[in-house]
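A.B. asks: Could you have a look at this structure, given as structure tokens, before my questions?
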Amino acid sequence: MEGISVEQAVEQILQHTPVINETEETELNKAGGRILAQDMVAGFDNPPFDRSPVDGYACKAEDLAGATKEHPVRLKVMEEIDAGQYSEREIQQGQAVRIMTGAAIPNGCNCCIYQEDTDYGEDTVEVYSEQKRWSNYCFSGEDFKKGTTLLKKGTHIGYVEAAILAGMGVAKVPVYRQPRIVLLTTGDEVVEPGIPLPEGKIYNSNMTMLSVRLRELGIESFHMEAVKDDPTVMSEKLKEAAKVADMIITTGGVSVGKKDIMHESLRLMGAERIFWRVKMKPGMPTLFSAYKKTSDITATDHCASEREIPIISLSGNPFGVAVSIELLIRPALEKMMQDPSIGLKEVNGIMADNFEKGIKGRRFIRAYLENGKFHLPNGLHSNGVLSSMAGCNCLIDTKTMENQESRSLNAGDKVGAILL
């Protein structure tokens, strides 16, 4: 098999992949999956007051010495404080306040007691248990202190991070802008889902697969379009996309047939071919190019700047597209978005089934990992078949086979895989 290794392909793609450093603000409830563009520092103590962790009574621990069910201590209840309320009162010896979970503890109190250890009194309360100073007592700043860096620049915002930001009072979050990914598919034989299927045509599943996978990785496709099998038309679409795109991904037209137009299209637009063909199955005919675009002269710098747009052209075979997304596109997006969570995750395990189809060179096999064992799905394992990938959660890499001379995988063999 001609071409370069997967690792060499990834290395060359990364060399031509830009890092997005432009930032923007987004509303907190829309920030899930985004990357923080600056350190987030607490502007106050949280909680901002001493608070009760229980429903009960706040009082002085000294007043409860010797309290038992048989010999209760009786305290005067001065008021009730619910969550969200605040009292300026200072509690004196022999006094208590009825208090609810989360409510601010008034001055003079140094403990709280569970209501279950009392008679639930309203004017006076009988307490049946001693307490140590500061028991059942949450101090201000228990969660975080003013001036503490709670989340660092580059943090992936998940539900926990979003909640931390909400607790800081943040309504809008500084994040790196999302990459602008343009998806172009070619092939006169494809039609869009939703219309009756004409004779000799197939539905465009590659566009949907790419756009949904990108969305799973936290990216909304900037533009999607199916383009006819004409090098001149595709060249113009590529140049138009390059005006706005950070990356262009195409499918179809990368082999050597009459309708494989991508080589000519890229030449016409002036893109530089970096490599063609990768030593892997599926996805071998992958074509990677870089297009250098000169931006317009601006009033501020009075000079033109040049930026490079990576163009990853995949085969039209659905399983080949699926594998290439994981092996070649994910590493590029990880760099572009500065998001390590997108990166590839490798695992090891044992084959639960035999894979008897011939293995020549490096092959990636759809499978699902369960309890340390790789199970193969029912159905065909050919490049044009995608249905048997449903439910799979990994790609077995035959480079990890113990016996590199073997032409098959057998149950019990140790192999490695990439998690999807």
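A.B. asks: Output the number of residues of region 201-211 satisfying the condition of being within 30 Å of Arg34 (Cβ to Cβ) and either loosely packed, with under 11 Cβ neighbours inside 10 Å or at pLDDT below 90 (or both).
C.D. replies: The number of residues fulfilling the criteria is 1.
A.B. asks: Just to check your reading of the model, which residue among Asp246, Asp260 is open to solvent by less than 70 Å² (accessible area, probe 1.4 Å) and touching a Lys or Arg at 6+ places or on another chain (Cβ under 6 Å)?
C.D. replies: Exactly one of Asp246, Asp260 is open to solvent by less than 70 Å² (accessible area, probe 1.4 Å) and touching a Lys or Arg at 6+ places or on another chain (Cβ under 6 Å), namely Asp246.
A.B. asks: List, please: which pairs have Cβ atoms under 6 Å, are six or more places apart or on different chains, and start with a residue in region 28-40 that is closer than 20 Å to Arg215 by Cβ and end with one that is at pLDDT below 95 and among the small types (Gly, Ala, Ser)?
C.D. replies: Close Cβ pairs satisfying both conditions: Gly33/Gly218.
A.B. asks: Could you tell me how many of the residues in region 396-420 are closer than 15 Å to Asp353 by Cβ and of a type outside the set (Gly, Ala, Ser)?
C.D. replies: 8
Listed here are the residues, each with its yes/no results for (1) touching a helix residue (DSSP H, G or I) at 6+ places or on another chain (Cβ under 6 Å); (2) not β-branched (Val, Ile, Thr).
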| residue | (1), (2) |
| --- | --- |
| Asp143 | no, yes |
| Glu161 | no, yes |
| Lys172 | no, yes |
| Ile195 | no, no |
| Ser211 | no, yes |
| Leu238 | yes, yes |
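A.B. asks: Taking the condition of being aliphatic (A, V, I, L, M) and under 18 Å from Lys152 (Cβ atoms), how many residues in region 331-341 meet it?
C.D. replies: Of the residues in region 331-341, 1 are aliphatic (A, V, I, L, M) and under 18 Å from Lys152 (Cβ atoms).
A.B. asks: A follow-up question, please. Regarding Lys146, is this residue closer than 15 Å to Arg34 by Cβ, part of a loop (DSSP other than H, G, I, E, B) and within 45 Å of the chain's Cα centre (by Cα)?
C.D. replies: In short, no.
A.B. asks: OK, next. State whether the residues of region 179-200 include one that is in a strand (DSSP E or B), open to solvent by 20 Å² or more (accessible area, probe 1.4 Å) and of a type in the set (D, E, K, R).
C.D. replies: Looking for residues that are in a strand (DSSP E or B), open to solvent by 20 Å² or more (accessible area, probe 1.4 Å) and of a type in the set (D, E, K, R), one finds none in region 179-200, hence no.
A.B. asks: If we keep just the residues of region 367-399 that are out of contact with any Asp or Glu (no Cβ under 9 Å at 6 or more places or on another chain) and among the aliphatic types (A, V, I, L, M), which is surrounded by the fewest Cβ atoms within 10 Å (Cβ to Cβ)?
C.D. replies: Ala390
A.B. asks: Say whether the condition of being assigned to a helix (DSSP H, G or I), surrounded by fewer than 20 Cβ atoms within 10 Å (Cβ to Cβ), out of contact with any His (no Cβ under 9 Å at 6 or more places or on another chain) and at pLDDT 95 or above is met by at least one residue in region 306-327.
C.D. replies: For region 306-327, residues assigned to a helix (DSSP H, G or I), surrounded by fewer than 20 Cβ atoms within 10 Å (Cβ to Cβ), out of contact with any His (no Cβ under 9 Å at 6 or more places or on another chain) and at pLDDT 95 or above: present.
A.B. asks: Got a number for residues in region 213-230 being open to solvent by less than 60 Å² (accessible area, probe 1.4 Å) and either closer than 21 Å to His156 by Cβ or modelled with pLDDT of 95 or more (or both)? If you could, list the steps in order and put the result at the bottom.
C.D. replies: Filtering region 213-230 for residues open to solvent by less than 60 Å² (accessible area, probe 1.4 Å) gives 213-214, 217-219, 221, 225-227, 229-230.
Cutting the leftovers down to either closer than 21 Å to His156 by Cβ or modelled with pLDDT of 95 or more (or both) gives us 213-214, 217-219, 221.
Matching residues across region 213-230 total 6.
A.B. asks: Would you confirm whether or not region 19-33 contains a residue that is in contact with a Gly (Cβ under 6 Å, 6 or more places away or on another chain) and of a type outside the set (S, T, N, Q)?
C.D. replies: The answer is yes; a qualifying residue exists.
Residues checked against (1) surrounded by 13 or more Cβ atoms within 10 Å (Cβ to Cβ); (2) at pLDDT 95 or above; (3) of a type in the set (Val, Ile, Thr); (4) in a strand (DSSP E or B):
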residue	(1), (2), (3), (4)
Ala67	yes, yes, no, no
Ser87	yes, yes, no, no
Ala96	yes, yes, no, yes
Val125	yes, yes, yes, yes
Glu130	yes, yes, no, no
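A.B. asks: Taking the options Glu356, Glu402, Glu334, name whichever one is in contact with a Gly (Cβ under 7 Å, 6 or more places away or on another chain), open to solvent by 50 Å² or more (accessible area, probe 1.4 Å) and farther than 17 Å from Gly283 by Cα.
C.D. replies: Every option except Glu334 fails the conditions.
A.B. asks: Tell me which residues, restricted to region 246-278, are modelled with pLDDT of 95 or more and assigned to a loop (DSSP other than H, G, I, E, B).
C.D. replies: Answer for region 246-278, where residues must be modelled with pLDDT of 95 or more and assigned to a loop (DSSP other than H, G, I, E, B): Asp246, Gly270, Ala271, Arg277.
The values are calculated or read from the model by the stated rules, or taken from the named source; none is laboratory data. These figures come from a predicted structure and were not determined experimentally. Cβ sites come from the backbone with ideal geometry, for glycine too, and all protein chains shown count toward neighbours. Just so you know, the surface numbers come from the protein's heavy atoms only, side chains and all, with ligands and any DNA or RNA stripped out. Shrake-Rupley method; radii C 1.70, N 1.55, O 1.52, S 1.80 Å.
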